[in-house]
Amino acid sequence: MGRSDDAEGGRTQSVTSALLSGSTYRGLAEQKLTPAEERFERARRTVGFVLAPLVTIVFLFVPTALDSSQQQLAAVLLGVVVLWVCEPVPIPVGGLIGVATIVILGVLPADDVLAPFGSSTVFVFIGAFILAQAMLRHGLARRFAFRILSLPGVGKSTWRVIVALGVVTCVLSAFISNTATVAMLLPTAVGLLSVIAELIRGQTPEGQRFDPLRLRVGIALMLVLAYGASVGGLLTPIGSPPNLIGRELIEEATGERISFLQWTITALPACAVMFAVLVTVLILLNRPEIKRLTGVEEYVASERAKLGKLSRAEWNTLIAFLVTVVLWVAPGIVALVAGGDSAAYETISNRLDEGIVAVVGAALLFLLPVNWPERRFTLTWTEAARIDWGTVLLFGTGIIFGTLLRDTGLAERVGTGLANGLGFTSSVSLVSFAVLMAIVVSETTSNTASAAVVVPIIIPIAEAAGVNPFIPALAATFAASFGFMLPVSTPQNAIVYGSGAVPITKMIRSGFVFDIAGAILIMLLIPLMIAAVGLGG
C-alpha cells in the first residue's frame, strides 16, 4: 500500500493528531504492524487469555503461610500483572477486572477497595492531561518544541534532543514533584516527537509502513522524560515523597538528621551516573530511526517564522500553564527558604495540593475567553473529554493495589519472610536485599508506598543483624524511586504511557534493564557517598 493510499484511507497521521485522538490502547486492527509483529502480538494476547485466569486460580489453592485475604490478593495481583503484560484486554480493563475480583472474593468491602481511587494523584492526571490537550490543540507544545530544537547544537542529532529533554527534566524534578514535572513537559516532548516524526516520514520509502506512535525515537523521548524525573527526584529531599518518608524514618531509628545539603551531596554523583546510564540504555535499546537531523536547524527556523505571534488561545493556554507551574513550584520554594519542617511549608503544601492545583489550572481553560461576544473559551468540554481516560483508570487501579498491599500486610509479610529465610550477617547483603526489595515493591505500587512499606521492614532487620540501619535504610529509600517496568509503577510512567508512543513491551524491556543498572549503582555509590559525607557514623 503506497503513501497515497494511506492518505486516502486516513491512515497516515501526525503524532499530534494521533495523540489528540486519545487512542492509547489500540487493538491489532488499529495499528500498523509488520506480519511478524502481528503474529507476535496475536500470540502474546492469546497467551494472556489463558495464563491470567490459570495463574490466579492455581495460586488461590496452593498451600501458603499467608492468611486468606493476603493469598487472595496475591493471586489476583499475579493475574492482573499477566493481563497488563500480555494485553488480552485493554490494560485499564485488566486493572478493573482485578479490582472487581478482589471485591467478589471478599478481600475487602467495595467502598474500602475503591476509596484510594480518590487519590490526589488521579486529579493530577486529569488536570495535566487537559492542559496538555489545550497545548497540543492550539500549537503551544509545538512552539515549545521548536524553541528547544533551536538551542545551539541541540537540533543536530536525535541523541542531543533526548539528552537536552532529560537534563531539563532532571533539574526540574529535583525541586518539583516528579509527576508535576512530567505533566508539565509532556506537551513539549510530544511537540519534539512530532517534529522529528515529520522528518522521518519524509525519509520513509514509498510504500513502507509508517506509524508515528511506533517510532523508536518516540520511545526514547518519552522514557527519558519519565525515568529522568525519577532520577532527578533523588537529588534533593523535597524532590520526591519517598525521600521525605525515608529521611524521617531514618531519623526516628538512628537519631541522625540528614540536612538538605548533605542529602544533595550524597545523591549528586549517583544521580549524574544514573542519568548517563539512562541515556545510554534508552538510546541503545531504542535506536532512533535517524541519528543526524539534517536540515533541522533550517527547518526549525522556517517553521518558527511561520508560527508568528502567539494567538489568543495560545496566550490563554500559556497563562493557565504558568499559573499551574507556579503553584506547583511554590511549596518547594517555601521549603528551600523556610525549611521542610516549617509551619509555612506545611500550610502551603497542604493548601496547594498537586491534584487541586492541576484541576484549577485546567479550569482556567474554560474561563479564559478567545472571543467574549461569542462566549467562546480556550477549550470546549468536547475537546477536553478526548483526554486519555484509560490511563486515568489504569493508575487509579494501580493505587488501589498498592493500598491493598499495604493494608492487608501482604507487602510486609513477603518482605519479612524473605529476610528471615535468607538471613543477613553483613551490611552488603542487607543493602542488596533492601535495594532489590524496594524496586520489586515499587513495580506494583507507588514509590511513596514502597518507601513506607520497605524502609520500616529494613530498619528492624538491620538492628537484629547487628548492622547500622542507616546505610540499608537510605539505600532502600533511593531504590523506592525506581520501578520502571510497568505504567502503574510510577505516575510519570503512566503519564508517558498515556501518550500512546510507548508500547508496554518496550517499557518493560527498557525498565527492566534500567532497574538492574540502577540497583547496581545504588548498591555501589550510596554506601561510598555516605562514608564520604560522614553520615551514619
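A few remarks follow.
- Selection status of I508, open to solvent by 20 Å² or more (accessible area, probe 1.4 Å), touching a residue at least 12 places away in the same chain (Cβ under 8 Å) and either part of a helix (DSSP H, G or I) or closer than 30 Å to D211 by Cβ (or both): yes
- Checklist (1) under 20 Å from R143 (Cα atoms); (2) buried (at least 24 other Cβ atoms within 10 Å of the Cβ) applied to L199, failing item: (2)
- Put simply, of L223, L193 the only residue that is farther than 30 Å from T266 by Cα, open to solvent by less than 10 Å² (accessible area, probe 1.4 Å) and not charged (D, E, K, R) is L193.
- Boolean, I530 is in contact with a Gly (Cβ under 6 Å, 6 or more places away or on another chain), open to solvent by 10 Å² or more (accessible area, probe 1.4 Å) and in a helix (DSSP H, G or I): no
- Evaluation of G239 against the conditions (1) in contact with a Phe, Trp or Tyr (Cβ under 6 Å, 6 or more places away or on another chain); (2) open to solvent by less than 10 Å² (accessible area, probe 1.4 Å); (3) over 22 Å from A132 (Cα atoms) shows that the sole unmet condition is (1).
- Checking each residue in the stretch 462-493 for being of a type in the set (G, A, S), in contact (Cβ under 8 Å) with a residue 40 or more places away in the chain and open to solvent by less than 10 Å² (accessible area, probe 1.4 Å) picks out A473, A475, A476, A479, A480, S481, G483, S489.
- R257 being open to solvent by 10 Å² or more (accessible area, probe 1.4 Å), outside any helix (DSSP H, G or I), modelled with pLDDT under 90 and basic (K, R): yes
- Any chance L268 is surrounded by 16 or more Cβ atoms within 10 Å (Cβ to Cβ) and either touching a residue at least 12 places away in the same chain (Cβ under 8 Å) or within 20 Å of the chain's Cα centre (by Cα) (or both): no
- Cβ pairs under 8 Å, 6+ apart, first in the stretch 89-102 and among the polar types (S, T, N, Q), second outside any loop (DSSP other than H, G, I, E, B) and open to solvent by less than 10 Å² (accessible area, probe 1.4 Å): T101/V76; T101/G79
- Flag if N350 is of a type outside the set (G, A, S) and over 24 Å from G118 (Cα atoms): no
- Applying the criterion of at least 1 residues that are of a type in the set (D, E, K, R) and open to solvent by 50 Å² or more (accessible area, probe 1.4 Å) to the helices (runs of 4 or more DSSP H) found wholly in the stretch 323-406 leaves 343-351, 354-364.
- Selection status of R142, farther than 25 Å from L268 by Cβ, open to solvent by 10 Å² or more (accessible area, probe 1.4 Å) and among the basic types (K, R): yes
- Test: G308 is of a type in the set (G, A, S) and out of contact with any Gly (no Cβ under 8 Å at 6 or more places or on another chain): yes
- Options F210, F175: the member that is modelled with pLDDT under 75, open to solvent by 10 Å² or more (accessible area, probe 1.4 Å) and more than 21 Å from G332 (Cβ to Cβ): F210
- Candidate set from the stretch 90-128 (those that are over 22 Å from the mean Cα position of the chain (by Cα) and within 21 Å of G48 (Cβ to Cβ)); member that is surrounded by the most Cβ atoms within 10 Å (Cβ to Cβ): I102
- If you go through the stretch 292-315 and keep only what is in a loop (DSSP other than H, G, I, E, B), at pLDDT below 80 and open to solvent by 50 Å² or more (accessible area, probe 1.4 Å), you end up with just T294.
- Checked against (1) modelled with pLDDT of 85 or more; (2) open to solvent by 10 Å² or more (accessible area, probe 1.4 Å); (3) under 20 Å from I399 (Cβ atoms); (4) not small (G, A, S), V496 passes all but a single condition, namely (2).
- Taken together, the criteria place K309 among residues that are more than 30 Å from G239 (Cα to Cα) and free of Cβ contacts under 8 Å to residues at least 12 places away in the same chain.
- Filtering L379, L404 for residues that are farther than 17 Å from Q133 by Cβ, hydrophobic (A, V, I, L, M, F, W, C) and in contact (Cβ under 8 Å) with a residue 12 or more places away in the chain leaves a single hit, L404.
- Exactly one residue among L249, L282 is open to solvent by less than 50 Å² (accessible area, probe 1.4 Å), under 30 Å from L199 (Cα atoms) and either in a helix (DSSP H, G or I) or free of Cβ contacts under 8 Å to residues at least 40 places away in the same chain (or both), and that residue is L282.
The values are calculated or read from the model by the stated rules, or taken from the named source; none is laboratory data. Source: prediction; values computed, not measured. Heads up, the Cβs are rebuilt from the backbone with ideal geometry, glycines too, and the neighbour counts pull from every protein chain shown. We work out accessible area using only protein heavy atoms, side chains counted, and drop any ligands, DNA or RNA first. Shrake-Rupley method; radii C 1.70, N 1.55, O 1.52, S 1.80 Å.
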